[in-house]
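What follows is one structure encoded as structure tokens, with my remarks underneath.
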Amino acid sequence: MFLRRFPLNPTCNLLTVAAFVCAVSLATAADSPQPEISSRARAIHARAIVIDGHNDLPWKLRQKAKSSFDVWDIAKPVPGMHTDIPRLRKGGVGAQFWAAYVPADTLKKGTSVRTTMEQIDLIHRMLQRYPETFEWALTADAIESAHKRGKIGSLIGVEGGHSIDGSLGVLRTYYTLGVRYMTLTHSDTLAWADSSTDVSKSGGLSDFGREVVREMNRLGMLVDISHTSDDTVRDALEVSTAPIIASHSSARALANHVRCIPDDLLRAIGEKGGVVMVNFFSGYLVPESADYFADILEVNRKMRQEYPDEKEYEKARDAWRKVMQKQITEGGKVKPGTVKDVVNHIDHIVKVAGIDHVGLGGDYDGVSMLPEGMGDVSSYPLITQELLNRGYSEKDIHKILGGNTLRARRAAEKVAAKLR
Ligand SMILES: [Zn+2]
């Protein structure tokens with residue numbers, strides 16, 4: 001079936017699909033006019049601390065603007081990006097976990113730590129350059145106090161355990177540099193943790209993987225299970241003494257893709273006090289789009305077995321991206337969805353895990369397609385409006401917009417204080 005839907009160049013090799021959808025922008029986001037937002041929704045939104053779990057601006061800036069805020073000055077509107085300061089302000093963003101993402105294949109090249117450090121440096125430079133907007137907010141209290149002073153509280157999330165290159169010393173150093181969550185894997189399975197988009201090596205977490213989780217608990221770094229296999233989630237839940245998060249994942253019952261979380265794990269994450277932050281990528285929201293991207297993943301798996309050579313892979317990946325871009329932009333095979341799809345996932349997670357266990361992790365600047373009208377970081381008030389339309393109270397809306405994430409952050413700090 002996949003060959004019919006995805007005619008391939010015969011030289012095509014692996015596309016790391018998770019990276020494709022999470023760190024590479026192909027099509028531009030839908031930029032249709034936003035629907036009306038009522039004054040009541042605006043007021044409720046303004047009173048909330050909106051916290052987003054995952055934004056890939058740092059990698060986008062590295063790829064497209066030579067990691068330079070002179071090339072792309074985000075104080076002004078930046079066309080082609082999902083994120084800049086005017087739109088963060090319009091979206092009422094109160095705090096942001098900035099992703100220090102680097103591709104999983106940097107581990108093989110021996111450059112994962114160096115590249116991650118450069119991405120962390122980029123985030124530090126952003127805060128130094130725009131001090132009137134951003135402020136480090138590395139604890140729950142600091143997020144609240146930054147918000148009171150009109151600053152966007154900033155924290156770092158390292159996206160993938162490959163970034164520590166097997167070293168707890170590197171993990172601890174990241175913590176001192178402002179990293180407050182680490183996603184256990186990205187697209188590739190590691191020696192110590194299985195990814196959802198790769199083969200299984202440990203059946204979840206290895207002994208070292210369990211040690212990583214315990215050290216994260218001791219440090220007060222949230223354990224993020226977006227991108228990991230279901231067994232890795234189960235092991236992380238078993239080992240972690242703090243709540244765990246999914247910084248940018250949606251519900252698998254609605255969008256059947258391995259990057260989304262199945263109901264039993266939504267429930268288990270909730271029972272442990274954790275938060276699942278809904279990803280706005282159309283491929284993890286809209287059922288048909290999820291099917292499409294799940295098929296791509298299957299293609300990827302098969303090609304990976306067929307062409308193990310790295311160079312061939314890189315060449316073929318580019319050819320493959322061209323095919324995909326054409327299908328996405330011209331073929332109409334993938335539906336972008338709307339804010340209603342985002343809130344369908346919120347509703348579902350509320351139903352399965354509870355109102356205290358859902359949040360937002362938009363994945364802006366890391367995805368190739370977003371719901372109509374939600375094409376950038378100014379879109380968060382649309383969610384507030386839709387939640388109001390569906391009868392959510394102000395108190396519950398505030399939990400979803402950021403209150404739950406704030407509570408999980410605080411809980412991780414409490415566990416760390418006890419363990420230390
Ligand atoms: Zn991701």
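The values are calculated or read from the model by the stated rules, or taken from the named source; none is laboratory data. Computed from a predicted model, the values in this text were never measured in an experiment. Backbone-built Cβ (ideal geometry, glycine too); neighbour counts: all protein chains shown. Areas reflect the complete protein model, heavy atoms only, side chains present, ligands, DNA and RNA absent. Shrake-Rupley method; radii C 1.70, N 1.55, O 1.52, S 1.80 Å.
GNM on the chain, C-alpha springs below 10 Å: top fluctuator among 43, 408, 242?
Sorting by GNM fluctuation, first place goes to 43.
Counting other Cβ atoms within 10 Å, which trypsin sites (Lys or Arg not before Pro) in segment 137-189 have at most 10 and lie in a DSSP loop?
Working: sites: 148, 149, 151, 172, 180; in loops: 149, 151.
Answer by residue number: 149.
Show me, for segment 413-419, the HN-Hα J-couplings you get by feeding each phi into the Karplus relation (A = 6.51, B = -1.76, C = 1.60, θ = phi - 60°), rounded to Hz, glycine and proline as x.
The phi angles translate into 5, 5, 4, 4, 4, 5, 6 Hz.
Is it possible to state the helix-based mean residue ellipticity at 222 nm for the chain, with each DSSP H run of 4+ residues giving -39500 (n - 2.57), the sum divided by total residues, to the nearest 500 deg cm²/dmol? What is it?
Taking each H run of at least 4 residues, the total per residue is -13500 deg cm²/dmol.
Where does segment 72-111 land on Rg/Rh, using Cα atoms and the Kirkwood Rh? Before the final figure, lay out each step's value.
On the way: Rg = 14.6 Å, Rh = 12.5 Å.
Answer for segment 72-111: 1.17.
To the nearest 0.05, how large is the calculated FRET efficiency for residue 307 and residue 63 if R₀ is 35 Å and r is the Cβ-Cβ distance?
0.90
Which shape class applies to segment 288-420: rounded if a/c is under 1.5, otherwise prolate when a/b exceeds b/c and oblate if not, where a ≥ b ≥ c are the square roots of the Cα gyration tensor eigenvalues?
Working: a/c = 2.74, a/b = 1.56, b/c = 1.76.
Since a/c reaches 1.5 but b/c is at least a/b, the shape of segment 288-420 is classed as oblate.
With no solvent and one point on each alpha carbon, what is the Debye value of log10 I(q)/I(0) for segment 206-335 at q = 0.11 Å⁻¹?
Cα-only, vacuum Debye calculation for segment 206-335: -0.51.
Could you calculate, for the chain, the ratio of the Cα radius of gyration to the Kirkwood radius, expressed as Rg to Rh? Write down the numbers at each step before the final one.
Values: Rg = 19.7 Å, Rh = 21.0 Å.
On the Cα set of the chain, Rg over Rh gives 0.94.
Quick one: Kirkwood hydrodynamic radius for segment 90-161, alpha-carbon pairs, angstrom, one decimal?
Radius from the Kirkwood sum: 13.1 Å.
Which value in Å is the Kirkwood Rh of segment 46-147 over different Cα pairs?
By the Kirkwood definition, the hydrodynamic radius is 14.6 Å.
I want to verify a result. In a Gaussian network model of the chain, Cα cutoff 10 Å, which of these has the top mean-square fluctuation: 111, 176, 228?
176
Segment 112-220: percent of C-alpha pairs farther apart than 20 Å?
Every Cα pair in segment 112-220 considered, those over 20 Å come to 46 percent.
Among 383, 299, 408, whose Cα projects farthest towards the positive end of the dipole of segment 295-420, with charges put on the beta-carbon of Lys, Arg (+1) and Asp, Glu (-1)?
Going by the charge dipole, the pick is 408.
Which of 327, 385, 119 ends up with the largest GNM mean-square fluctuation for the chain, with Cα atoms connected below 10 Å?
327
On average, how much accessible surface per residue is there in the chain, in Å², for a 1.4 Å probe, leaving out ligands, DNA and RNA?
In whole numbers, the chain has 37 Å² accessible per residue.
Using the crude model of +1 on Lys and Arg Cβ and -1 on Asp and Glu Cβ, and no other charge, please compute the dipole size for the chain relative to its Cα centre, in debye to 20. Mind dumping the intermediate values first?
On the way: 54 positive and 52 negative charges, 154 e Å.
It comes to approximately 740 debye.
Working from the pairwise distances between different alpha carbons, so that the mean of 1/r is found and then inverted, what is segment 261-365's Kirkwood radius in Å? Before the final figure, lay out the partial values.
Values: mean 1/r = 0.0632 Å⁻¹.
About 15.8 Å, per the Kirkwood formula over Cα pairs.
Report, by chain and number, residues whose modeled amide H sits under 5 Å from the one on residue 82, excluding near sequence neighbours (fewer than 5 apart, same chain).
365
Extent of segment 302-356 along each principal axis, from alpha carbon coordinates, in Å, largest to smallest?
Principal axes ranked by extent give 47, 27, 15 Å for the Cα atoms.
Non-local amide H neighbours of residue 193 (under 5 Å, H modeled in plane, Pro and chain starts lacking H): which ones?
206
In percent, what relative contact order does segment 246-323 have, based on Cα pairs under 8 Å that are 6 or more apart in sequence?
28 percent
Quote the FRET efficiency, to the nearest 0.05, computed for residue 167 versus residue 201 with a Förster distance R0 of 30 Å and r equal to the Cβ-Cβ distance.
In this case the efficiency is close to 0.95.
Kindly write out, for segment 263-271 in residue order, the coupling ³J(HN,Hα) from the Karplus curve 6.51 cos²θ - 1.76 cosθ + 1.60 (θ = phi - 60°), rounded to whole Hz, with x marking Gly and Pro.
So the Karplus estimates, Gly and Pro as x, are 4, 4, 7, 4, 5, 5, 5, x, 4 Hz.
Report the label-to-label distance for residue 238 and residue 390 in nanometres (one decimal), using points 7 Å from each Cα along the Cα→Cβ vector.
With each label point 7 Å from Cα toward Cβ, the separation is 3.3 nm.
Provide, as a two-decimal number, the C-alpha radius of gyration of segment 243-317 over 2.2 N^0.38 Å, N being how many residues it has.
Expressed relative to 2.2 N^0.38 Å, the Cα Rg reads 1.36.
For 376, 207, what's the largest-to-smallest order of accessible area, 1.4 Å probe?
Order by accessible area, largest first: 207, 376.
Relative contact order of segment 181-304: what whole-number percent is it, with Cα pairs under 8 angstrom and at least 6 residues apart?
Once divided by the residue count of segment 181-304, the mean separation gives 20 percent.
Please state the relative contact order of the chain as a whole percent: Cα pairs under 8 Å, 6+ residues apart?
Rounded, it is 26 percent for the chain.
Quick one: which residues, 5 or more positions from residue 223 or on another chain, have an amide H under 5 Å from its amide H? H modelled 1.01 Å from N in the peptide plane, none for Pro or chain starts.
The answer is 245.
So which GluC sites (Glu not before Pro) in segment 71-148 pass both tests, a DSSP loop state and at most 16 other Cβ atoms within 10 Å of the Cβ?
Here the GluC sites (Glu not before Pro) that fit, given the DSSP loop and packing criteria, are 132.
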